[in-house]
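**Q** My questions all concern the structure below.
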2 protein chains.
Amino acid sequence: MLVVDDDPQLRRALRITLRAAGFDVVTAEDGRTALAEAAAAAAHPDLVVLDLGLPDLDGTEVLAGLRPWFTGPVVVLSARGDSSDKVGALDAGADDYVTKPFDMAELLARLRAALRRGTADPGQAQVVTDHFTVDLAAKQVTVDGVPVRLTPTEWALLSELVRNPGRLVGQRELLQSVWGPAYERETNYLRVYLAQLRRKLEPDPAHPRYLHTEPGMGYRFLKDPPPPVG
Amino acid sequence: MLVVDDDPQLRRALRITLRAAGFDVVTAEDGRTALAEAAAAAAHPDLVVLDLGLPDLDGTEVLAGLRPWFTGPVVVLSARGDSSDKVGALDAGADDYVTKPFDMAELLARLRAALRRGTADPGQAQVVTDHFTVDLAAKQVTVDGVPVRLTPTEWALLSELVRNPGRLVGQRELLQSVWGPAYERETNYLRVYLAQLRRKLEPDPAHPRYLHTEPGMGYRFLKDPPPPVG
DNA sequence: GCCGGGCGTCAGGATCCCGTCAAGACCACC
DNA sequence: GGTGGTCTTGACGGGATCCTGACGCCCGGC
């Protein structure tokens, strides 16, 4: 179980209470580390408790970053009790919405209920473009409906990019998460594997539409690229 | 969708709003008719909205009467906001708990969230392919109608794969659920038993159609594989 | 015009991984 | 004590995958 909240005191209280209730708890204090923690293969939480008021990212952004691939329940905490906030979070993929201050016994009951119901339907965990589809839960890529085989390295690289649609992912960031911290300088690995991914996914690998290079910086995945220039 | 409430005015308001939102609505005004309506084969609601304050039965009794067989989500309405009431209802099998008075937009969002998670489809206990059938409840496998004997280990492995059709199941995941966490590195177990399963199930074990290997990652069961080449 | 950095491409060889087979260990039952 | 079935373990060959270095291209700076 991953608990995301910026208030150290509440984080501590939640950690203690949830551990006492028999849950395995990992915490994060901002949106970036939350997404990193959730994606860490070792942790792979079964449930996420997410505070909406985070210092770096809006809570709904974290939710959006989580939902493409995370199929477990997400319970949102928030100090804001407006109906529109609740509707927004629930429709963005949250499974429950609890306003602060909350009763701990109630939160525990809601977590039990969320876990009991099990995982979200797997169909949602897809990133779809006009030309190919990446199913992050099933680890499957289809181009024009035809399944395409990716090697482990290709998959690790692609999923890292696809989980951040539109965002520039630095080369160091990519190298670190795919090959490990010791390979931060091997930028040629990226060149080789990006080329392979483009060969397998892009309609015209020589003129990539979805997997863009930002020279000197990194790479960027675009879900809805502008149409090719003629 | 079945709406249970004794207040005619609220019942009417809910019926109108929910119908406008595209739901199929049936109503009941007390616990007995609610249980009867829910059980009526024709209706068989996908979701139940249940008021706890009913004239004849306690709401929790209705919940208890529903839960043994009803697998869809139950959203509880109640005028009582005590934490203990909420905990009791949630632990009795409710999926969400909304206190009156409530905001209609919020209720709708919560209903959508409850429905989105899918009706926890208890997984059709039968997985059928063109060539063999796996009965998860009866622990029985038939190939072309002929029963096939599987060893306990083979069965554990197969059921783990078959429960996730189309999804890539990691080797660590498989090893952990079949042999236990201490065996996460014994990938040769998988090789041996996958070979045995293929010998017993695949029409051509040398060219598997249903039990696919994803090198370096895991295995994938395909329910509807493309026809064999040549 | 020259130069260097960054990128895409290609191909070859080392390495890892998988399928296969078979022999031994273990267990339950007879 | 014997027997059959099941599970482990090791070894081997073939193939896929990964790493690596070399080359040419583009572009901006000098």
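The values are calculated or read from the model by the stated rules, or taken from the named source; none is laboratory data. Keep in mind the model is a prediction, meaning the values are calculated, not measured. All Cβ positions, glycine included, derive from the backbone under ideal geometry; neighbour counts span all protein chains shown.
**Q** Could you please let me know if residue A:99 is among the polar types (S, T, N, Q) and under 19 Å from residue A:125 (Cβ atoms)? Even if it seems obvious, please write down each step before you answer.
**A** Working: among the polar types (S, T, N, Q): yes; under 19 Å from residue A:125 (Cβ atoms): no.
No, not satisfied.
**Q** I'm trying to understand the selection: among the residues of the stretch B:133-149, which are of a type in the set (Val, Ile, Thr) and either within 14 Å of chain A (Cβ to nearest Cβ) or over 24 Å from residue A:139 (Cα atoms) (or both)? Can you show your working first?
**A** Just the residues of the stretch B:133-149 that are of a type in the set (Val, Ile, Thr), to begin with: B:133-134, B:141-143, B:146, B:148.
Those that are of a type in the set (Val, Ile, Thr) and either within 14 Å of chain A (Cβ to nearest Cβ) or over 24 Å from residue A:139 (Cα atoms) (or both): B:133, B:141, B:142, B:143, B:146, B:148.
**Q** Hey, another quick one. With the structure loaded, tell me whether residue A:125 is away from chain B (no Cβ under 14 Å) and either of a type in the set (Gly, Ala, Ser) or within 14 Å of DNA strand C (Cβ to nearest atom) (or both) or whether it fails that test.
**A** no
**Q** Would you confirm, using the coordinates I've provided, whether residue B:195 is modelled with pLDDT under 95, within 9 Å of DNA strand C (Cβ to nearest atom) and not acidic (Asp, Glu)?
**A** no
**Q** Out of the residues in the stretch B:82-104 that are farther than 17 Å from residue B:5 by Cβ and exposed (fewer than 15 other Cβ atoms within 10 Å of the Cβ), which is nearest to the chain's Cα centre (by Cα)?
**A** That would be B:91.
**Q** Take the residues in the stretch B:186-230 that are within 11 Å of chain A (Cβ to nearest Cβ) and among the aliphatic types (A, V, I, L, M), then tell me which one is nearest to residue B:141 (Cα to Cα).
**A** Only one residue tops the list, namely B:222.
**Q** Only residues that are touching a residue at least 40 places away in the same chain (Cβ under 8 Å), in contact with a strand residue (DSSP E or B) (Cβ under 8 Å, 6 or more places away or on another chain) and surrounded by 17 or more Cβ atoms within 10 Å (Cβ to Cβ): list them for the stretch A:138-157, please.
**A** Answer for the stretch A:138-157, where residues must be touching a residue at least 40 places away in the same chain (Cβ under 8 Å), in contact with a strand residue (DSSP E or B) (Cβ under 8 Å, 6 or more places away or on another chain) and surrounded by 17 or more Cβ atoms within 10 Å (Cβ to Cβ): A:141, A:150.
**Q** For residue A:11, indicate whether it is of a type outside the set (Val, Ile, Thr), part of a helix (DSSP H, G or I) and buried (at least 17 other Cβ atoms within 10 Å of the Cβ).
**A** yes
**Q** Look at residue A:87 and say whether it is outside any helix (DSSP H, G or I) and within 13 Å of another protein chain (Cβ to nearest Cβ).
**A** no
**Q** Condition first: part of a loop (DSSP other than H, G, I, E, B), touching a helix residue (DSSP H, G or I) at 6+ places or on another chain (Cβ under 8 Å) and more than 11 Å from chain A (Cβ to nearest Cβ). Now tell me which residues in the stretch B:70-84 satisfy that. First the steps, then the outcome.
**A** Going through the stretch B:70-84, the residues part of a loop (DSSP other than H, G, I, E, B) turn out to be B:70-73, B:79-82.
Next, only the ones that are touching a helix residue (DSSP H, G or I) at 6+ places or on another chain (Cβ under 8 Å) stay: B:70, B:73.
Scanning the stretch B:70-84 gives a single hit, B:70.
**Q** What tally of residues in the stretch B:202-212 results from selecting those that are surrounded by 17 or more Cβ atoms within 10 Å (Cβ to Cβ) and within 15 Å of DNA strand D (Cβ to nearest atom)?
**A** Of the residues in that region, 2 qualify.
**Q** Out of all the residues in the stretch B:98-113, which are more than 8 Å from chain A (Cβ to nearest Cβ), touching a Leu at 6+ places or on another chain (Cβ under 9 Å) and farther than 18 Å from residue B:71 by Cβ?
**A** If the condition is that a residue be more than 8 Å from chain A (Cβ to nearest Cβ), touching a Leu at 6+ places or on another chain (Cβ under 9 Å) and farther than 18 Å from residue B:71 by Cβ, then B:98, B:99, B:100, B:102, B:104, B:107 are the ones that fit.
**Q** Further question on the same structure: Hey, could you check the stretch B:150-173 for residues that are more than 14 Å from chain A (Cβ to nearest Cβ) and within 16 Å of DNA strand C (Cβ to nearest atom) and say which is nearest to residue A:156 (Cα to Cα)?
**A** The selected residue is B:160.
**Q** Within the bounds of the stretch B:185-200, is there any residue that is of a type in the set (Asp, Glu) and either assigned to a helix (DSSP H, G or I) or buried (at least 17 other Cβ atoms within 10 Å of the Cβ) (or both)?
**A** Checked the stretch B:185-200: no residue is of a type in the set (Asp, Glu) and either assigned to a helix (DSSP H, G or I) or buried (at least 17 other Cβ atoms within 10 Å of the Cβ) (or both).
**Q** Then there is this: Hey, can you tell me all the residues within the stretch A:14-48 that are at pLDDT 90 or above and polar (S, T, N, Q)?
**A** A:17, A:27, listed by residue number.
**Q** Can you pull out the residues in the stretch B:16-32 that are of a type outside the set (Gly, Ala, Ser), surrounded by 15 or more Cβ atoms within 10 Å (Cβ to Cβ) and within 27 Å of the chain's Cα centre (by Cα)?
**A** First, pick out the residues of the stretch B:16-32 that are of a type outside the set (Gly, Ala, Ser): B:16-19, B:23-27, B:29-30, B:32.
Next cut, surrounded by 15 or more Cβ atoms within 10 Å (Cβ to Cβ) only: B:17-18, B:23, B:25-27, B:29-30, B:32.
Hits for the stretch B:16-32 are B:18, B:23, B:25, B:26, B:27, B:32.
**Q** Looking at (1) modelled with pLDDT of 90 or more; (2) within 16 Å of residue B:98 (Cβ to Cβ), find the lone condition where residue A:77 falls short.
**A** Only one criterion in (1) modelled with pLDDT of 90 or more; (2) within 16 Å of residue B:98 (Cβ to Cβ) is unmet by residue A:77, namely (2).
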